[in-house]
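Some notes on the structure that comes next.
The values are calculated or read from the model by the stated rules, or taken from the named source; none is laboratory data. Only a predicted model underlies this, so the values are computations on that prediction, with no experimental measurement involved. Every residue, glycine as well, gets a Cβ built from its backbone with ideal geometry; the counts of neighbours run over all protein chains shown.
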Amino acid sequence: MVTAVIGGAFEFTRNASANLREKDDSINPAIGGFLAGAVMGLRSGSTPAVLGYGALTAVVMGAYDYTGGTLRGGAKDKEMDEFERKQELRKNRRIPMEETISQLGEGRGIYGPGYEERRQQRIKEKYGIDVPTKSTQ
């Protein structure tokens with residue numbers, strides 16, 4: 001009997017919150033999970049149990065929906081070699097160095113070609129100091 005109430009409370013609350021919020025995201029199952037967990041906690045008769053079961057169920061149901069219905073990650077293509085798959089992932093995330101420098105600026109480990117010359121020129125103009133060039137060894 002209690003499991004039917006738990007399931008009904010979850011589904012009703014999830015659908016009601018989706019309708020009221022007019023969004024279909026991971027918060028709706030979390031809200032439904034909180035109410036379903038609270039129903040589980042009602043059997044013990046203490047407020048901390050109601051809140052604890054509700055919070056635990058809300059986190060689990062919200063995470064489950066957020067990860068796409070699985071807690072193991074996405075399904076892998078069994079036909080593609082693992083090395084090839086990782087190479088494809090790396091290619092998708094690379095952006096040209098010029099674009100990175102234009103967005104972030106130089107410094108903090110990101111230096112474009114000709115940085116040393118531009119640095120020497122800036123220091124010379126601003127402070128009047130000649131900076132010695134670095135010798136490559």
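Computed quantities for the displayed model
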| read-out | value |
| --- | --- |
| Test: residue in region 48-68 that is of a type in the set (Ser, Thr, Tyr), surrounded by fewer than 19 Cβ atoms within 10 Å (Cβ to Cβ) and modelled with pLDDT of 85 or more | yes |
| Filtered residue count, region 18-38, keeping only those that are within 23 Å of the chain's Cα centre (by Cα) and of a type outside the set (Asp, Glu) | 12 |
| Residue in region 5-17 that is nearest to the chain's Cα centre (by Cα), counting only those that are more than 14 Å from Gly62 (Cβ to Cβ) and surrounded by 14 or more Cβ atoms within 10 Å (Cβ to Cβ) | Ala16 |
| Check on Gly107, modelled with pLDDT under 80 and surrounded by 10 or more Cβ atoms within 10 Å (Cβ to Cβ) | yes |
| Tally, over region 34-91, of residues that are free of Cβ contacts under 8 Å to residues at least 12 places away in the same chain and not in a helix (DSSP H, G or I) | 18 |
| Among the candidates Ile27, Ile31, residue that is under 20 Å from Ala4 (Cβ atoms), in the same structural domain as Phe10 (by TED's automatic domain parsing) and not hydroxyl-bearing (Ser, Thr, Tyr) | Ile31 |
| Selected residue (only one of Arg90, Arg94, Arg72 is surrounded by fewer than 11 Cβ atoms within 10 Å (Cβ to Cβ) and within 30 Å of Ala18 (Cβ to Cβ)) | Arg72 |
| Cβ-Cβ under 7 Å pairs, at least 6 apart or on other chains, region 1-24 side over 17 Å from Gly37 (Cβ atoms), far side modelled with pLDDT under 90 and not basic (Lys, Arg) | Ala18/Asp24 |
| Answer residue from region 111-137, given it is modelled with pLDDT of 80 or more and of a type in the set (Val, Ile, Thr) and is surrounded by the fewest Cβ atoms within 10 Å (Cβ to Cβ) among those | Ile129 |
